[in-house]
1. Among the strands (runs of 3 or more DSSP E) confined wholly to the stretch 447-490, which include 1 or more residues that are at positive phi and in contact (Cβ under 8 Å) with a residue 60 or more places away in the chain?
2. In the stretch 590-635, what count of residues is obtained for those that are more than 24 Å from SER665 (Cβ to Cβ), touching a residue at least 40 places away in the same chain (Cβ under 8 Å) and part of a helix (DSSP H, G or I)?
3. Residues in the stretch 725-744 that are in contact (Cβ under 8 Å) with a residue 24 or more places away in the chain, open to solvent by less than 80 Å² (accessible area, probe 1.4 Å) and farther than 27 Å from GLU766 by Cβ: how many?
4. Do we have ARG332 as open to solvent by 60 Å² or more (accessible area, probe 1.4 Å), in contact with a Phe, Trp or Tyr (Cβ under 9 Å, 6 or more places away or on another chain) and part of a helix (DSSP H, G or I) here?
5. Quick check on GLU172: is it at pLDDT below 90, among the acidic types (Asp, Glu) and either within 32 Å of the chain's Cα centre (by Cα) or surrounded by 17 or more Cβ atoms within 10 Å (Cβ to Cβ) (or both)?
6. Where residues in the stretch 390-404 are at pLDDT 85 or above and more than 30 Å from PRO354 (Cβ to Cβ), which of them is surrounded by the most Cβ atoms within 10 Å (Cβ to Cβ)?
7. Could you tell me whether ASP288 is among the charged types (D, E, K, R), free of Cβ contacts under 8 Å to residues at least 24 places away in the same chain and open to solvent by 30 Å² or more (accessible area, probe 1.4 Å)?
8. Restricting to the stretch 573-611, give me the number of residues that are open to solvent by less than 20 Å² (accessible area, probe 1.4 Å) and among the polar types (S, T, N, Q).
Amino acid sequence: GGGGAPPPRPGEIEIVSNYFRLEIDPGVVWYKYTARICNVRRKKKMDEEGNEVRDENGRKVFAGFQAVESNGDVHELSDQREGLQSLRRRVFGKMREQVREKGADIGYNGGDVVYGNRKLVFDTLESEVQEKGAERGHGIYGPSDPGTSEDPPAAKKTYGTFFVCVKATCDENDADSDLVKNKWFRVTLVESAVVEVSKILSDLTSPPAAFEALQQALDVVSKTTLTKTLTCFGRSPRHFFFPERDQRDICGRSLRRLWTGDSIHAPFVGYTENTRICSNGRVCTMSDVCLKYLTRSSFSDGSPIPVLDARKNTIAGVRVGDLHAPIPPENREAIRLAIGKLTMKVEYVKNFSPKDLQKRRDRGWSEAKIEKNRREVRMNVTMKEDKTSEDEKVHAQIKWTANDPSLHSFEVSPRPRDGEDPENAPPPETHTVCSYFLKRYGITLKYPHMPMVCIGRGPHKVVEWFPIEFFYQSLGKVRNANDPQQVEQHLKFCDEFSGLGIIKKLEELSNNSAIYEHQKNHLRIFGIQKDRSPVSLTAKVLQEPTIQFGKSKANILDGSWNLRDAQFYQPATMMSFGVIDFINRGDEAIKFFGNILSSCRKHNIQLPYNISSGKDEYIAVKNVALMGDIGNISNSFQNAIEKAKEFFWYDRSHFFEERNIWHKSRVLLRARKDLLSWESVLLIPPPNKNIKKCGVIYEGRQPTHYIKHDGQISSARLKVEAVLKRTGETKRVDPFDVHFDGCRHRAIFNDRPEKIEIIRKVFELEDETIIETNFEERDPFFIVDESLIEPISMIFVFLPDDSKRNYDEVKRMSHSTFAIPSQCIVKFRQQRSPHQL
């Protein structure tokens, strides 16, 4: 029993959406500015004699700013470099504080566009606009404008400059931010457009470009507070994650246990928001809950996560064995790659000698200031190359021990004492990193044989190397994530918050104190009110769709189409293929590829003509399969294509010749002057193996070969003389009607397949004379360049793992370089069934 037929579907249903309505005040106008951020330094104020001017407390007095230049060019913060996105957002956030003091506000996301809620009070000197624009190497009209024209700009543009000071590598409210130096930046804004928000929305005939510009503006403005209060990554962030300290309370019961362990990664719950303009002019934000694995900055008890974990004998999660001996060469690459994926914090405590302590006390330092001075930190650093050497071969990111002078050493010159003759100063000392920290700071490394990592130039303008034991993990993205366990946890989260559950969760997050009040106040300044509750509406229920397959209709199973063994209504054709095996484990990939071809047959996909399942199929795959070099994917891809051509087109293995069959393909023909079309052909290997051309047999009565008979050269069509197994009759069969199933030949007679036994090849002249004997087969009648033959249909690539870099490189070769489709197969040994793809 099944309880009878299911109840009829209702015509309408009440639903709650993930849209939150935005109400725009009438008469709202915003101003769009192009932003440019440059590094600057403060200029010291000098007296008439060239001496530094100091205030009554002995501090330097500064007079203005000057741009930081590199090789004569102003040093800008590019909005294209991912590592600078957070810094750009901090700069804009600080600039926003200055703007708000004047009663205005700005919207930003870290890119090169800033929106103002009203016209900001700027200078409007056109000559200054021209001059400042020329700082970039060209004028305000673009790269072709040298910026030297004396003519005024065509349109008057407002121009403004802000000088802001921010923490270079962290937010101001981060722990230990007081130990991070400040940096100064100049923000230059040039007005580029006026966005008449209310006018565009009220006039539905506004051009599409106006709506696109408005949607971009709404997106940037609404996300401004999200970039400030939540964690985000990238140039135009879409995902905003709540603070690490709040995750246990918002991640749900399915993920909460993952926050109580000692894993270095954890699932972070976040919030996404995108503006949508409806056809009736209404504006909403389409919001959603997002979940992503990030690297944690601390364990559940609040202690920092060391990159070198002595409890587990790991570095960045990679096992290293003995921490008191150099790392074996075979483990080094895995460790280097693991460290390269991390964002880290460097932290160590200096041990001052009694003499140094007394000096600081004599200067009036408090004990708190001395203690603060003992701690040294570098925030949010990554592993970088040391490019101080001109030899690129020695640009290292990591060196494998901290106490080997042959790997890394440097000279330190003692500071001259007051009144000491420089000529009598002690000679410089040569140090390793290990000996330097002991001599300079009284720090004895616990693991001197462990590696040290380069983090680039530090606050003292020199390239810095630190022992790995000083590094701790910071919050950051997990590269090449989505392993099976993480996917499983993600699905559990989706199960817990499904249906109305995800809407309630979304409403909870959108009204979270970390978002709501900040966003509400910000949007109000821009003339926007956002509803706290999602939009409810009446939806029409559509009839359940059906899909017609070749022999049946598909049914729905567990919410998706059940395609098991379904034959496609119009199946695809795969006339040829190549295989690249980057796994190199014998015939394992080749045997598994047979399962793929078997699945294709069940779906009625047309496989290469005259190659049957079983032994012949295995021989074909064996001939085209290439053992690839994962270090040179481009070369492997090209060689796989050539190997497939040699088998299918040129029959280098004599597979088709030995079986008295031909490979079926298509060639490109000009049907008429302005139209090209594909024509089905059988391929004849060329007599000369060195040319990239192939003979072809067309359907119909056209000649296929030149033959020499009775001393004359004639054009003729190839025929196959065969005996019908059923009747014993001898028949002549066209090559297009001959098929080989691996055991026997078949031919089509009167639209009916018949078993045949091939006797010999004969030729039919244009006058229908049959030449059976005493002839010499010459060149094919039609010969085409290989560029006109339909390319290899598909390249199947067996990858050793799910590395995104390898996958991206394969797809780049497939789509951009060779224009041949590809399919990647990874981890096929872990499939639940050998036939599951």
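1. Numbers: elements: 452-457, 463-467, 471-473.
Those strands (runs of 3 or more DSSP E) span 452-457.
2. Result for the stretch 590-635: 4.
3. Total meeting the criteria: 3.
4. On the way: open to solvent by 60 Å² or more (accessible area, probe 1.4 Å): yes; in contact with a Phe, Trp or Tyr (Cβ under 9 Å, 6 or more places away or on another chain): yes; part of a helix (DSSP H, G or I): yes.
Considered against the rule, which asks whether it is open to solvent by 60 Å² or more (accessible area, probe 1.4 Å), in contact with a Phe, Trp or Tyr (Cβ under 9 Å, 6 or more places away or on another chain) and part of a helix (DSSP H, G or I), ARG332 comes out as yes.
5. Working: at pLDDT below 90: yes; among the acidic types (Asp, Glu): yes; either within 32 Å of the chain's Cα centre (by Cα) or surrounded by 17 or more Cβ atoms within 10 Å (Cβ to Cβ) (or both): yes.
Yes, satisfied.
6. Initial filter on the stretch 390-404 (at pLDDT 85 or above): 396-404.
Filter again for more than 30 Å from PRO354 (Cβ to Cβ), leaving 396-401, 404.
Values: ALA396: 18, GLN397: 17, ILE398: 18, LYS399: 17, TRP400: 19, THR401: 21, ASP404: 16.
Selected residue: THR401.
7. On the way: among the charged types (D, E, K, R): yes; free of Cβ contacts under 8 Å to residues at least 24 places away in the same chain: no; open to solvent by 30 Å² or more (accessible area, probe 1.4 Å): yes.
Answer is no for this residue.
8. Here the count works out to 2.
The values are calculated or read from the model by the stated rules, or taken from the named source; none is laboratory data. Source: prediction; values computed, not measured. FYI the Cβ positions are ideal-geometry reconstructions off the backbone, even for glycines, and counts take in every protein chain you see. What goes into the accessible areas is simple: the full protein's heavy atoms, side chains included, and nothing from ligands, DNA or RNA. Shrake-Rupley method; radii C 1.70, N 1.55, O 1.52, S 1.80 Å.
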